[in-house]
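The structure under discussion appears below in the form of structure tokens.
Quick note: the coordinates plus some simple rules give every number you see, no bench work behind them. The model shown is predicted, which means the values in this text are computed figures rather than measured ones. Positions of Cβ are generated from backbone atoms using ideal geometry, with glycine treated the same way; all protein chains shown enter the neighbour counts.
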Amino acid sequence: MSHPIITRFAPSPSGRLHLGHAYSAMQAWDFAQSVGGEFILRIEDIDHNRCKREYEDLLKEDLAWLGLEWQEPTRRQSEHLDDYRAIADRLTEMGVLYPCFCTRKEIQAEIARAGAAPHGSEGPIYPGTCRGLTAAERGEKLEAGKSHALRLDLQKALGSLAEPPSWRDHDNDSQIIPSQDDWAALGDVVLVRKDIHTSYHIAVVADDALQGVTHIVRGLDLYESTHIHALLQALLELPAPSYTHHQLVKDESGQRLAKRDESETLASLRESGVSPEEIRERLQRLSSNS
Ligand code: GLU
């Protein structure tokens, strides 16, 4: 029996969906339709500071209006924080995480002091300050109850694998092996945030594996994150899905659509009488602008 093809759309309910989300959702949906696969909707609401239940209901309404269908109940990540904690514990046992006590300000000051301003896709690249703490220094801070994140010790993690991590690029039918430069542009990313005690990277990798997702269709803005996800899949010995990164929808002036563009929410478009078919046509036009 061959494996079923499963893809997903995984929005965060932190506001109303806009055209960019609609494009992403439709790309995943169209892919599932074209291969007779299953389409899953997953609610990525680990960030309790930003996500609201009311937005979850509204985004489902918007997606249903667009003509998408999925099985209920949908997985809601905020209900599975223990699963993500267990993964962080496993990574800690493997020795590839370290506590980071730095504040954002301290990181910026350290980068300025070093006279470098390396910027990766996820913001400034962490200069590695807390990686160099001695066991005693670390112990002291932990004992004093200093709040901390857990960062991936990237080089240690890479070094612990028999082969360099890679991932399947479905679009180009190729295997992507991130280079040392690609890794350097990411640095020691946070895998357990100070505020929410987990991270997007852990939750998404855990759930894609748990839900049997075989093909991930998502925006190019997450391209670099895919390197991290492939690394985590290798460390945790999870199945490796293949990835398609679609272009990001831009407006007529070439600007990427952002959440703050109120006028472009699906709700406001719908209220102004735009039909789902018109949304589709408009998205096709905008994506060919890119
Ligand atoms: N939850 C993420 C977002 O809303 C998308 C996650 C993914 O597709 O991997 O940006």
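Using only the alpha carbons of segment 178-244, what is the convex hull's orientation-averaged projected area in square nanometres? Display every interim value, and only then the final one.
Working: hull surface 19.6 nm².
Projected area, direction-averaged: 4.9 nm².
To check you understand DSSP bridge types, tell me what percent of the beta bridges within the chain (both residues inside) are antiparallel, rounded to 5. The partial results should precede the final answer.
On the way: 13 of 26 bridges.
So the antiparallel bridges in the chain amount to around 50 percent.
How big, in percent, is the set of alpha carbon pairs in segment 142-290 lying more than 26 Å apart? Numbers along the way, then the final one.
Working: 4717 of 11026 pairs.
Tail of the P(r) past 26 Å holds 43 percent of the pairs.
For residue 74 and residue 140 in the same chain, what is the full-extension length gain: residue separation times 0.36 nm, less their Cα-Cα distance, in nm?
Details: separation 66, 0.36 × 66 = 23.76 nm, distance 4.27 nm.
Between residue 74 and residue 140, full extension yields 19.5 nm more.
Check which residues have an amide H placed less than 5 Å from residue 51's amide H, if you skip close sequence neighbours.
HN-HN under 5 Å from residue 51: empty list.
Would you work out which of 98, 37, 22 lies farthest towards the positive end of the dipole of segment 1-149? Charges go on Cβ: Lys and Arg +1, Asp and Glu -1.
98
For segment 204-268, which GluC sites (Glu not before Pro) pass both filters: DSSP loop (anything but H, G, I, E, B) and at most 11 other C-beta atoms within 10 Å?
On the way: sites: 224, 237, 252, 262, 264; in loops: 237, 252.
Within segment 204-268, the qualifying GluC sites (Glu not before Pro) (loop, at most 11 other Cβ atoms within 10 Å) are 237, 252.
List the residues whose amide H sits under 5 Å from the amide H of residue 246, counting only those 5 or more places along or on another chain, with H placed 1.01 Å from N in the peptide plane.
It is 218, 219, 220, by chain and number.
So how much slack lies between residue 83 and residue 104, counting 0.36 nm per residue of separation and subtracting their Cα-Cα distance, in nm? Walk me through the numbers before you get to the answer.
Details: separation 21, 0.36 × 21 = 7.56 nm, distance 2.75 nm.
Here the answer is 4.8 nm.
About the Cα centre of the chain, how large is the charge dipole given +1 on each Lys and Arg Cβ and -1 on each Asp and Glu Cβ? Please answer in debye to the nearest 20.
Numbers: 32 positive and 46 negative charges, 150 e Å.
The dipole of the chain has a size of about 720 debye.
Taking Cα atoms, how many degrees apart are the long axis of helix 200-210 and the longest axis of the chain, rounded to 10 and kept between 0 and 90?
That helix lies at roughly 70 degrees to the long axis.
Let me have the 222 nm mean residue ellipticity of the chain computed from DSSP H runs of 4+ only, each contributing -39500 (n - 2.57), with the sum over all residues rounded to the nearest 500. Display every interim value, and only then the final one.
Working: 11 runs with 119 residues, N = 290.
Using -39500 (n - 2.57) per qualifying helix, the result is -12500 deg cm²/dmol.
Could you tell me which Cys residues in the chain have no other cysteine's Cβ under 4.7 Å from their own Cβ, answering none if every one has a partner?
By the Cβ distance rule, which asks for a partner under 4.7 Å, the isolated cysteines are 51, 102.
Helix 276-289: angle to the longest alpha-carbon principal axis of the chain, degrees 0 to 90, nearest 10?
It works out to around 60 degrees.
Subtracting the Cα-Cα distance from 0.36 nm times the residue separation, let me have the gained length for residue 155 to residue 133 in nm, one decimal. Before the final figure, lay out each step's value.
Numbers: separation 22, 0.36 × 22 = 7.92 nm, distance 1.61 nm.
Answer, rounded to one decimal: 6.3 nm.
What is the calculated FRET efficiency for residue 267 to residue 223, with r their C-beta to C-beta distance and R₀ = 22 Å, to the nearest 0.05?
Values: r = 29 Å, r/R0 = 1.31.
Rounded to the nearest 0.05, the efficiency is 0.15.
To the nearest 10 degrees, how steeply does helix 104-113 sit against the main Cα axis of the chain, on a 0 to 90 scale?
Compared with the principal axis, the helix lies near 70 degrees.
Loop only by DSSP, 13 or fewer other Cβ within 10 Å of the Cβ. Give me the GluC sites (Glu not before Pro) in segment 61-170 that pass, ordered by residue number. Before the final figure, lay out each step's value.
On the way: sites: 61, 69, 79, 93, 106, 110, 122, 137, 140, 143; in loops: 69, 122.
Sparse-neighbourhood loop GluC sites (Glu not before Pro): 69.
Cα centroids of segment 1-29 and segment 207-270: how far apart, whole angstrom?
Spelled out, the Cα-based centre of one part sits 8 Å from the other.
Compute the distance in nm between two label points, each set 7 Å from the Cα along the Cα-to-Cβ direction, one at residue 274 and one at residue 287.
Roughly 1.5 nm, to one decimal.
Take every DSSP beta bridge whose two residues both sit in segment 133-290, then give the antiparallel share in percent to the nearest 5. Each step should come with its number before you reach the end.
Working: 6 of 13 bridges.
Here the share of antiparallel DSSP bridges comes out near 45 percent.
Report the residue, chosen from 240, 109, 88, that carries the largest GNM mean-square fluctuation when the chain is represented by alpha-carbon nodes joined by springs under 10 Å.
Of the options given, 109 has the highest mean-square fluctuation.
If R₀ is 25 angstrom, what is the calculated FRET efficiency for the pair residue 179 and residue 256, using the beta carbon separation as r and rounding to 0.05?
Numbers: r = 26 Å, r/R0 = 1.03.
So, using R0 = 25 Å, E works out to roughly 0.45.
Taking only the alpha-carbon atoms of segment 1-68, what semi-axes of the equivalent ellipsoid follow from 5 times the gyration tensor eigenvalues under a square root, in whole Å, largest first? Intermediate values should be presented prior to the final figure.
Numbers: eigenvalues 114, 37, 16 Å².
Output for segment 1-68: semi-axes of 24, 14, 9 Å.
In bins 5 Å wide, starting from 0, what share of all Cα pairs of the chain does each bin hold, as a percent?
Bin by bin from 0 Å, the calculated values are 1, 5, 11, 14, 17, 16, 14, 10, 6, 3, 2, 0, 0.
Hand me the trypsin sites (Lys or Arg not before Pro) from segment 34-132 located in a DSSP loop with no more than 15 other Cβ atoms within 10 Å, in residue order please.
Working: sites: 42, 50, 52, 53, 60, 75, 76, 85, 90, 104, 105, 113, 131; in loops: 50, 52.
Those that pass, being in a loop and sparsely packed, are 50, 52.
Report the local net charge at residue 240: Lys and Arg +1, Asp and Glu -1, summed over other residues whose C-beta lies under 11 Å from its C-beta.
Values: positive: 168; negative: 208, 237.
Taking every other residue near residue 240 into account, the sum is -1.
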